1. Once the Cβ-Cβ distance between Met86 and Val52 is put in as r, and R0 is 25 Å, what FRET efficiency do you end up with, to the nearest 0.05?
2. Could you run the Karplus curve 6.51 cos²θ - 1.76 cosθ + 1.60 with θ = phi - 60° over the range 29-39 and give me ³J(HN,Hα) per residue in whole Hz, x for Gly and Pro?
3. Given a Förster distance of 22 Å, report the FRET efficiency between Ala72 and Ala115 from their Cβ-Cβ distance, rounded to the nearest 0.05.
4. Per 0.36 nm of contour for each residue apart, how much would the distance between Phe126 and Arg23 grow if the chain were fully extended, relative to their Cα-Cα spacing?
5. Assuming a ≥ b ≥ c are the square roots of the Cα gyration tensor eigenvalues, decide whether the chain counts as rounded (a/c under 1.5), prolate (otherwise, with a/b larger than b/c) or oblate.
6. For the range 15-100, what does the alpha-carbon gyration tensor say about shape, rounded, prolate or oblate, given a ≥ b ≥ c as the root eigenvalues, a/c under 1.5 as rounded, and a/b over b/c as prolate?
7. What list of ³J(HN,Hα) values in whole Hz, one per residue of the range 2-13 in order, does the Karplus curve 6.51 cos²θ - 1.76 cosθ + 1.60 (θ = phi - 60°) give from phi, with Gly and Pro shown as x?
8. Among bridges DSSP assigns within the chain, what percent are antiparallel (round to 5)?
Amino acid sequence: MYDVLVIGAGPTGLALAVDLARRGVRALVVERAEGLFPGSRGKGVQPRTREVLDDLGVGEAIAAAGGPYPVAMVWQDGVRQGEHQMFDDSEEPGDSPYREPWMVPQWRTQQILAARLAELGGEVAFGRELVGITQDGEGVTADFA
Ligand SMILES: Cc1cc2nc3c(=O)[nH]c(=O)nc-3n(C[C@H](O)[C@H](O)[C@H](O)COP(=O)(O)OP(=O)(O)OC[C@H]3O[C@@H](n4cnc5c(N)ncnc54)[C@H](O)[C@@H]3O)c2cc1C
């Protein structure tokens, strides 16, 4: 019996599970894949995301795992035409401690969140796909493939 069932161990599910675990809410994350997604979809995180990750207790690990975005190169017919900054860093950051995105692959962010979840006593059940739910006055029953 869990208070919350989180479907999917992507960055959203893992971040939610960390937030619940640190508040003492008993939650189970269920992921249909056999492990965390190993590929790199997201290449980096935005300043506001870094603030959230700080709050979840993984800011230092994210900082250590990544770095600033590199300068982008422009090529035509195999000849380098020049370069440009991918992000405009001239804007004032306001009250955010960060002013630019941080390049860290999504798979690494997920590993870091999963490690934080384990540290807080949370769990991920891999290899289980939610296929249905039923609800009554007592609670919700989940069915898995
Ligand atoms: C090419 C590309 C580049 C991107 N670049 C960036 C970037 O630079 N920065 C950035 O922040 N974002 C980027 N994104 C977006 C980012 O990848 C997504 O926003 C992020 O993956 C969403 O996370 P999520 O946890 O909501 O969903 P997902 O990552 O899709 O995770 C959902 C999980 O739920 C599981 N699941 C689904 N259904 C079930 C079920 N019934 N039972 C059990 N498990 C289930 C899936 O297996 C999956 O692991 C990019 C995306 C793409 C495609």
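Values quoted throughout were computed directly from the atomic coordinates according to the rules given, and no laboratory measurement underlies them. What you see is a predicted model, and the numbers here were worked out from it, not measured in a lab. Glycine also receives a Cβ, built like all others from the backbone with ideal geometry; neighbour counts cover every protein chain displayed.
1. Values: r = 22 Å, r/R0 = 0.87.
With a Förster radius of 25 Å, E is 0.70.
2. Those phi angles translate into 9, 10, 10, 6, 6, 7, x, 5, 4, x, x Hz.
3. Details: r = 31 Å, r/R0 = 1.43.
Plugging the Cβ-Cβ distance into 1/(1 + (r/R0)^6) gives 0.10.
4. On the way: separation 103, 0.36 × 103 = 37.08 nm, distance 2.32 nm.
Length gained, Phe126 through Arg23: 34.8 nm.
5. Numbers: a/c = 2.94, a/b = 1.94, b/c = 1.52.
Because a/c hits 1.5 or more and a/b exceeds b/c, the chain counts as prolate.
6. Working: a/c = 3.82, a/b = 1.65, b/c = 2.32.
It is oblate, given that a/c is not under 1.5 and a/b is not larger than b/c.
7. Karplus values, whole Hz, x for Gly and Pro: 10, 6, 9, 10, 9, 9, x, 9, x, x, 5, x.
8. On the way: 15 of 23 bridges.
DSSP beta bridges in the chain are roughly 65 percent antiparallel.
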